[in-house]
Amino acid sequence: MDLLTIGAFSRASRLSPKALRLYDSLGLLTPAHVDEVSGYRFYRPDQLEQARLVAWLRRLGMPLARIGAVCDLARDAPDQAAQQVAAYWAETEAELAARRALANHLISYLSREEPVMPGTHPALAIRYAARSDIGRLRDRNQDTAYAGRRLLAVADGMGTGGDQASAAVIEALKPLEGVLPAGSLLNAMEDAVRQAGAAVRDLAAADPGTGSTLTAMLWSGSQLALVHVGDTRAYLLRDGELFQITHDHSVVQALLDEGKITPEEAESHPQRSLLLQAIDGGASAEPDVSLHDARAGDRYLLCSDGLTAVVPAGAIRDTLAAPGDPEQAVGRLIDLANQAGGPDNIACVVAEVVEPRP
Ligand code: MN
């Protein structure tokens, strides 16, 4: 086999001769031959693959000692090499999360104010309540509802593992309750939806047909980031008017959009529950995302189709607009759905934007 000079090998591998000498001294890439007199290094063409692997791992930021271990495994046990890379990356992300938390703390400490999105008015607060109810006809509750300091979410599970799927989806979002993400709220939400997708894929592998919808909002102190997949919904009550701020990913909604059926026909359509998108074992969901500026007095409702299929929008508006706290609004909405027959599980989250107490 013809050997390559260090210059030729450097051009072919796109690694500088200086880097190649470093890898040699560290035992990561030993030349095939070193001329005793001149000290020139020579490489075999089949060493290019290992050179590239070393370069990639360096670009990943992996310490040199660990690169050596991965290269050793890559020859005989590539699966184990892959596991080593995965383990390294998991450690890196955990460390990054801790550094992000510290950076957020320092930013708010040095600016001597509550952490809010830059360039916005003083922080507002939210009051919230969440509940899911089995309804009157189903023997299991596959809906999950959650409300916390920052995160509001409903999920409607489907398939035999539907209850686990809706719970897993919301569980995957709960890390957002911690420190406000340093980057964009929407990116953080999209990342969390990807995590949720991975969790449901595991469930769906054991139980095909398992999946869940998701409608969730993340509160920053002045804005709400919304992510949405499926036919759970978000509504905003502002100045007495009710706005639906999500668009169902359902076959019936698509037919409505195309003008092929009327709203009346949609209500009793046999394929009402057929979804165009869900978080399930299939392709990654592409959530709708949007950012909403909060205003004191706004009320948000997140709910499953167990409410909207049987309670008209007018009654939802009146109930949300009625005096009382979010807990009472959630209770009244669930009562309305059950009075209308309660054919499906019902999940409701109500959040109200308020001026913080002095
Ligand atoms: Mn449902």
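Residue 138 to residue 292: FRET efficiency via 1/(1 + (r/R0)^6), r the Cβ-Cβ distance, R0 30 Å, to the nearest 0.05? Once rounded, the FRET efficiency stands at 0.40. With the simple spin-label model, which puts each label point 7 Å out from Cα in the Cβ direction, the residue 202 to residue 94 separation comes to 1.5 nm. Calculated on the Cα set of the stretch 247-297, radius of gyration then Dmax: 14.6, 41 Å.
The Cβ shell under 12 Å around residue 39 holds other residues with a net charge of -1, Lys and Arg each +1, Asp and Glu each -1. Couplings 3J(HN,Hα) for the stretch 256-265, derived from phi with the Karplus relation 6.51 cos²θ - 1.76 cosθ + 1.60 (θ = phi - 60°), are 4, 4, 7, x, 7, 9, 8, x, 5, 5 Hz, where x marks Gly and Pro. Neighbour counting of Cβ atoms within 10 Å sorts the residues 239, 139, fewest neighbours leading, into 139, 239. Think of it as helices only: each DSSP H run of n ≥ 4 in the chain is worth -39500 (n - 2.57), and spread over all residues that comes to -13000 deg cm²/dmol at 222 nm.
Modelled label positions at residue 269 and residue 257, each set 7 Å beyond Cα in the direction of Cβ, lie 1.1 nm from each other. Please report the base-10 log of the normalised intensity I(q)/I(0) for the stretch 1-60, using a Debye sum with one equal scatterer per alpha carbon and no solvent, at each q in 0.16, 0.20 (1/Å). So the normalised log intensities work out to -0.43, -0.67.
Relative contact order, whole percent, for the stretch 1-60 stands at 40, derived from Cα pairs under 8 Å and 6 or more residues apart. Put simply, the C-alpha atoms of the chain give a gyration tensor, and the ellipsoid matching it has half-axes of 53, 26, 16 Å, longest first.
When only the Cβ of Lys, Arg, Asp and Glu is charged (+1, +1, -1, -1), the dipole of the chain relative to its Cα centre reaches about 1340 debye. Subtracting the Cα-Cα distance of residue 106 and residue 244 from 0.36 nm times their residue separation leaves 45.8 nm of extension gain.
Annotation: amide H-H contacts under 5 Å for residue 223 (H modelled 1.01 Å from N, sequence separation of 5 or more, or interchain): 294.
By how many degrees, 0 to 90 and rounded to 10, does the Cα axis of helix 64-76 deviate from the longest principal axis of the chain? Relative to the chain, helix 64-76 is tipped by roughly 90 degrees. Once you order the gyration tensor axes a ≥ b ≥ c over the Cα atoms, which shape class does the stretch 222-351 get: rounded for a/c under 1.5, otherwise prolate or oblate by comparing a/b with b/c? Oblate, because a/c is 1.5 or more while a/b does not exceed b/c. Which net charge results when you count Lys and Arg as +1 and Asp and Glu as -1 among the other residues whose beta-carbon is under 15 Å from that of residue 190? Neighbourhood net charge equals -2.
What is the list of residues in the stretch 216-247 whose amide nitrogen lies under 20 Å from a point 7 angstrom out from the Cα of residue 315, following Cα to Cβ? Counting backbone N atoms under 20 Å from the label point, the list is 232-237, 241-244. Relative contact order, whole percent, for the stretch 198-328 stands at 32, derived from Cα pairs under 8 Å and 6 or more residues apart. P(r) tail for the stretch 26-90: Cα pairs beyond 13 Å make up 65% of the total. Along the stretch 186-202 the Karplus relation, 6.51 cos²θ - 1.76 cosθ + 1.60 evaluated at θ = phi - 60°, assigns HN-Hα couplings of 5, 4, 4, 5, 5, 4, 5, 5, 5, 4, 4, x, 5, 5, 6, 4, 4 Hz to successive residues, with x for each Gly and Pro.
Taking Cβ atoms as reference points and 9 Å as the exclusive limit, the residues near residue 165 contribute a net charge of -3, counting Lys and Arg as +1 and Asp and Glu as -1.
FYI, it's all coordinate maths here, none of it is from the lab. Keep in mind the model is a prediction, meaning the values are calculated, not measured. Note that we place each Cβ from the backbone using ideal geometry, even for glycine, and neighbour counts take in every protein chain shown.
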